[in-house]
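Take a look at the structure set out below.
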Amino acid sequence: MKKVLLVGDSIRLDYGKYLKNYLKDDIELYGRPDEESAYKNLDIAVGANGGCSNRVLDYVKEMVESDSFNFDYFVFNCGLHDIIRIRPEEKIVTDEETYRYNLSEILRIAAERKIKCAFISTTPAEKNRYSEDIYFCREYEDVLRYNQIAREVMTEFDVSIIDLFTFTESLGLVGDDLFRDHAHFRENVIQLQAAYISGAINSIVK
């Protein structure tokens with residue numbers, strides 16, 4: 001069996017529940033514990049919600065300290081929580097330099113443990129879906145910039161990218177046909193994302 005740790009934000013929580021239906025029999029999938037807490041508020045990174053790159057890096061370090069970072073593959077995403085802009089100033093949560101450093105550190109630690117990695121790109125965001133009573137928003141342009149940073153880091157470390165951003169956009173859906181709220185997707189979209197990601201994992205894990 002190949003042990004695969006999958007860590008990501010609330011988008012991962014949605015598609016993650018379908019992955020086992022499509023993964024090869026020799027893949028054993030793991031994730032952060034406590035999905036119940038995470039689903040209470042998908043905008044807050046608690047429990048199984050991986051959150052921003054700082055939180056993912058901290059989690060990796062915690063696993064190293066407890067000698068539990070023992071997997072064949074680490075498939076991860078962080079980005080949506082990094083590009084959050086807090087209102088009213090709309091200052092971004094994680095600057096570009098920090099995001100690049102965090103991704104590099106995650107991959108460096110994984111390499112030291114001889115764990116192979118794959119990165120799932122950050123999904124699209126539309127600022128007009130964030131109503132004025134929400135304390136934060138996201139910009140589509142930030143998704144593009146931070147996905148580009150991730151692409152550069154993954155290229156440097158020779159890490160595969162599962163391009164969920166491009167796949168999601170290729171569905172040709174917008175607005176309420178794509179999203180069920182300001183960031184999370186409709187059930188039919190989630191199932192398609194799960195099929196796409198599992199196919200990519202199946203081809204990567206050998």
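The values are calculated or read from the model by the stated rules, or taken from the named source; none is laboratory data. Fair warning: this is a prediction, and the values are worked out from it, not measured in the lab. FYI the Cβ positions are ideal-geometry reconstructions off the backbone, even for glycines, and counts take in every protein chain you see. Accessible surface areas use protein heavy atoms only, side chains included; no ligands, DNA or RNA. Shrake-Rupley method; radii C 1.70, N 1.55, O 1.52, S 1.80 Å.
Annotations for the structure displayed:
- Ellipticity estimate at 222 nm from DSSP helix runs (n ≥ 4, -39,500 (n - 2.57)) divided over the chain, nearest 500: -13500 deg cm²/dmol
- Accessible area expressed per residue, the chain, with surrounding protein chains retained (probe 1.4 Å, Å²): 47
- Proximal charge balance of T123 [Cβ under 14 Å; K/R count +1, D/E count -1]: -4
- Span per principal axis, largest first, for the Cα atoms of the range 1-139 (Å): 48, 33, 23
- Helix 140-156 and the long axis of the chain differ in direction by around 20°, with both axes built from C-alpha atoms.
- Accessible carbon and sulfur surface of the chain relative to its total accessible area, %, 1.4 Å: 48
- The range 11-66: C-alpha gyration tensor shape, a/c 1.5 cut-off, then a/b vs b/c: oblate
- Between helix 96-112 and the chain: long-axis angle, C-alpha atoms, 0 to 90°, nearest 10: 20
- Alpha carbon centroid spacing (whole Å) that separates the range 180-206 from the range 96-122: 21
- Isotropically averaged projected area of the range 144-200, using the convex hull of Cα atoms (one quarter of hull area), nm²: 4.4
- Counted by Cβ distance under 14 Å from V174, the other residues give a net charge of 0, where Lys and Arg count +1 and Asp and Glu count -1.
- Three-way shape call for the range 66-114 based on the alpha-carbon gyration tensor, with the a/c threshold at 1.5: prolate
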